[in-house]
Amino acid sequence: MEIFEQISNAVIEGEFGEITDLVQSALDQGIGANEVIREGLSKGMTEVGRRFREGEYFMPEVLVSAKTMNTALSILKPLLVGDTTQENVGTFLIGTVKGDVHDIGKNMVSMMMEGAGFRVIDIGVDVKPEVFVKEITEKQPDVVGLSALLSTTMISQKETIEALKEAGVRDRVIVLVGGAPVDQNWANTIGADGYAPNASVAVEKAKELLQRRPHS
């Protein structure tokens with residue numbers, strides 16, 4: 001659909017001055033908030049991630065795209081959360097790992113998870129491994145999301161998973177990793193349960209892994 005392509009391109013090009021009208025146009029056409037995110041915003045941000053990973057984009061371009069995304073999400077969030085009628089699917093805890101203060105991907109995943117029926121606990125950015133351990137011990141989530149936008153902070157995802165093992169809480173949770181420089185190979189290397197290239201896949205992956213998880 002053309003409107004999805006326009007929204008996606010606006011994110012890729014960082015056209016934050018136009019995104020409001022495009023999102024409103026989609027809503028006026030009867031398109032749901034989830035679909036706008038899945039077919040428009042997520043696809044645009046996935047392409048931004050690819051360009052960043054391959055050296056075509058640098059942080060200034062990524063940040064402008066993030067500003068565009070945040071503008072769109074501010075319109076969609078009340079609709080997304082307000083339409084949630086599902087029973088609670090599970091508890092999802094997410095944070096951006098130590099050394100990384102970027103929150104665009106984390107925020108998008110949080111909203112999509114909430115819209116899909118998860119109870120979401122967002123513990124913020126620049127989260128140290130020991131804080132993840134503390135929050136998991138106290139909140140007992142079913143799924144944990146570790147977000148990293150920078151290649152230099154990917155190592156914090158690994159360190160966090162190692163900290164969960166040392167604390168004896170790793171087996172209690174499903175761990176998903178994501179972010180622009182992250183891929184499936186990295187997820188396999190550090191022992192994550194799954195990798196999600198965008199927010200829509202994160203929801204699907206979380207549900208899939210929860211269904212496969214043996215009940216105690």
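Brief remarks follow.
- Translational diffusion coefficient of the stretch 90-212 (Stokes-Einstein, Kirkwood radius from Cα pairs, 25 °C, 0.890 mPa s): 179 µm²/s.
- Think of it as helices only: each DSSP H run of n ≥ 4 in the chain is worth -39500 (n - 2.57), and spread over all residues that comes to -17000 deg cm²/dmol at 222 nm.
- Remark: C-alpha extents of the stretch 74-147 on the principal axes read 35, 25, 12 Å, sorted largest to smallest.
- Here's the list of lysines a cross-link from residue 67 could span, going by alpha-carbon distance under 17 Å and ignoring same-chain residues fewer than 8 apart: 43, 77, 106.
- Shape call, the stretch 2-82: gyration tensor on alpha carbons, a/c limit 1.5: prolate
- Computed over the chain with a Gaussian network model linking Cα atoms closer than 10 Å, the most mobile of 161, 37, 123 is 123.
- Extending 7 Å from the Cα toward the beta-carbon at both residue 213 and residue 1 defines two label points whose distance is 3.3 nm.
- Note on the stretch 2-82: with charges restricted to the Cβ of Lys and Arg (+1) and Asp and Glu (-1), its dipole about the Cα centre is near 400 debye.
- Only Lys, Arg (+1) and Asp, Glu (-1) charged, at Cβ; the stretch 90-212 dipole about Cα centre in debye: 160
- Virtual spin-label span in nm between residue 126 and residue 13, 7 Å along Cα→Cβ: 3.5
- Euclidean distance of C-alpha centroids, the stretch 1-76 and the stretch 83-135, integer Å: 20
- Taking a Cβ cut-off of under 11 Å around residue 94, the surrounding Lys, Arg, Asp and Glu residues balance to a net charge of -3, with basic ones at +1 and acidic ones at -1.
- FRET E, pair residue 35, residue 166, Förster distance 35 Å, beta-carbon r, rounded to 0.05: 0.25
- Two tests apply to each whole DSSP H helix in the chain, Cα reach of 30 Å or more along its axis and mean Kyte-Doolittle hydropathy of at least 0.0, and the ones passing both are 59-82.
- GNM remark for the chain: springs join alpha carbons under 10 Å apart, and the peak mean-square fluctuation among 192, 167, 26 falls on 167.
- Multiplying the residue separation of residue 54 and residue 188 by 0.36 nm and subtracting their alpha-carbon distance yields 46.2 nm.
- Cα gyration tensor shape of the stretch 115-173, rounded if a/c is under 1.5, else prolate or oblate by comparing a/b with b/c: oblate
- The stretch 153-216: C-alpha gyration tensor shape, a/c 1.5 cut-off, then a/b vs b/c: oblate
Read-outs throughout are calculated quantities, based only on the coordinates presented, and are distinct from any laboratory measurement. Model, not experiment: these values are computed from the prediction. Cβ sites come from the backbone with ideal geometry, for glycine too, and all protein chains shown count toward neighbours.
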